[in-house]
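**Q** Below you'll find the structure I mean.
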Amino acid sequence: MLGPQCCENPPVLNPLSGSGHVEKLGGLDVYVSGSPDSNKCVLLVSDIYGYEAPNLRALADKVAASGFYVVVPDYFYGDPYDPSHQDRSVPIWIKDHGPDKGFEDTKPVLEAIKNKGITAIGAAGMCWGGKVVVELSKEELIQAAVLLHPTYVTVDDIKDVKVPIAILGAEDDFLTPPALVKQFEEILASKPEVSSYVKIFPNVSHGWTTRYDINDPEAVKAAEEAHKEMLDWFVTYVKE
C-alpha cells in the first residue's frame, strides 16, 4: 500500500522541464527523449506525482544520452496526486489511478513503441511505478526491469518474474523495508534462470532516486549512484 513516505518531498511539476518533448503514444501523453532511430527503449514509470516531475525528466534525458529512446507516460491523464488537495487523500486518489490500470495502459504504449521499429524494451518503475513494471516483467512484455523503492510489490510478484530484474531499495523505507527487499533477493537467488541484482542503499529514504533536493550534494550523489546502477542494468540486458 501507499503511505506517508510516498508523499514526502513532492516535486514542483513543470510541463516544460527536460530537453525532450511531449507527444501521444498508445493513447497516452508521453514525454520522450532520445533518438527515435534507436532500436532500444527504456520506459520510465513514475511515482504518484507523474511525468512532469523535473528530476524524472532529467533522468529520462540522462538515459537517452546513453543511446536509448526513452518514454515517460502520463498514466494519470493530467491528474497526478496533489498533496494540496486535502479532501483527496492518497487512498481516494488511488481508486482512480491504481497500478493495475497503469499496467493495462502500458500495453498499447509498448505496441506503439514497437511500431517505431524498436526491438528491445526495458522498464524502470519508481514507487507506484514499481508495481506496474513487475507486472510487465511477469508477462515478459519487456526485456529487463528495474524497481526503485517500489510499493505494492509482493513476494508472490517476485516469484513470477521472468526477465532480468534489478531491485534498488532504501535503508529507510516503511513501504518496502530492507527485510522485504531481502526476501525478494532470496527468491530471486532461487531462480537461476532469471538474472537479478538487489541492493539496499544506505542512508537514504523511500523516493530518493527522483524526489531529491537538487541543492543537496549528498542527496544528488545518492540518486546518481542509483541512476548509474539502473543504466548499467539496461545497457547489459536491453539488447538490439
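**Q** Given (1) under 20 Å from residue 226 (Cβ atoms); (2) among the polar types (S, T, N, Q); (3) touching a Gly at 6+ places or on another chain (Cβ under 7 Å), identify the lone condition not met by residue 38.
**A** (1)
**Q** Of everything in the stretch 79-94, what is over 25 Å from residue 137 (Cβ atoms) and out of contact with any Cys (no Cβ under 7 Å at 6 or more places or on another chain)? Give them in sequence order.
**A** Those that are over 25 Å from residue 137 (Cβ atoms) and out of contact with any Cys (no Cβ under 7 Å at 6 or more places or on another chain): 79, 82, 84, 85, 86, 87, 88, 89, 91, 92, 93.
**Q** Same structure, new question: Applying the selection to the stretch 117-131, what residues are at negative phi and either free of Cβ contacts under 8 Å to residues at least 12 places away in the same chain or open to solvent by 20 Å² or more (accessible area, probe 1.4 Å) (or both)? Spell out the reasoning first.
**A** Taking the stretch 117-131 and keeping what is at negative phi, we get 118-126, 128-131.
Selection gives 119, 131.
**Q** Give the residue, chosen from 157, 213, that is at pLDDT 95 or above and within 25 Å of residue 81 (Cβ to Cβ). It would help to see each step written out before you state the result.
**A** On the way: 213 fails: at pLDDT 95 or above.
Result of the check over 157, 213: 157.
**Q** If I filter the stretch 143-155 for residues that are surrounded by fewer than 16 Cβ atoms within 10 Å (Cβ to Cβ) and over 15 Å from residue 125 (Cα atoms), do I get at least one hit?
**A** Taking the stretch 143-155 and keeping what is surrounded by fewer than 16 Cβ atoms within 10 Å (Cβ to Cβ), we get 154-155.
Narrowing further to those that are over 15 Å from residue 125 (Cα atoms): 155.
Scanning the stretch 143-155 turns up at least one residue that is surrounded by fewer than 16 Cβ atoms within 10 Å (Cβ to Cβ) and over 15 Å from residue 125 (Cα atoms).
**Q** Could you please give the count of residues in the stretch 166-195 that are small (Gly, Ala, Ser) and open to solvent by less than 50 Å² (accessible area, probe 1.4 Å)? Give the steps one after another, and end with the answer.
**A** From the stretch 166-195, those small (Gly, Ala, Ser) are 166, 169-170, 179, 189-190, 195; that's our starting set.
Now narrow it down to the ones that are open to solvent by less than 50 Å² (accessible area, probe 1.4 Å): 166, 169-170, 195.
Result for the stretch 166-195: 4.
**Q** So which strands (runs of 3 or more DSSP E) are wholly in the stretch 140-226 and hold at least 2 residues that are farther than 25 Å from residue 238 by Cβ? Show your work before the answer.
**A** Details: elements: 144-148, 165-172, 196-205.
Qualifying strands (runs of 3 or more DSSP E): 165-172, 196-205.
**Q** Is there any pair linking a residue in the stretch 92-111 that is at negative phi to one that is among the basic types (Lys, Arg), with Cβ under 6 Å and at least six apart or on different chains, and which?
**A** 99/131
**Q** Of the conditions (1) among the polar types (S, T, N, Q); (2) in contact with a helix residue (DSSP H, G or I) (Cβ under 8 Å, 6 or more places away or on another chain); (3) surrounded by 17 or more Cβ atoms within 10 Å (Cβ to Cβ), residue 137 satisfies every one except a single condition; which number is it?
**A** For residue 137, the exception is condition (2).
The values are calculated or read from the model by the stated rules, or taken from the named source; none is laboratory data. Values in this document were obtained by computation on a predicted structure and should not be read as measured data. Cβ coordinates were reconstructed from backbone atoms using ideal geometry, including for glycine residues, and neighbour counts include every protein chain displayed. These area figures cover heavy atoms from the full protein model, side chains too; ligands, DNA and RNA do not enter into them. Shrake-Rupley method; radii C 1.70, N 1.55, O 1.52, S 1.80 Å.
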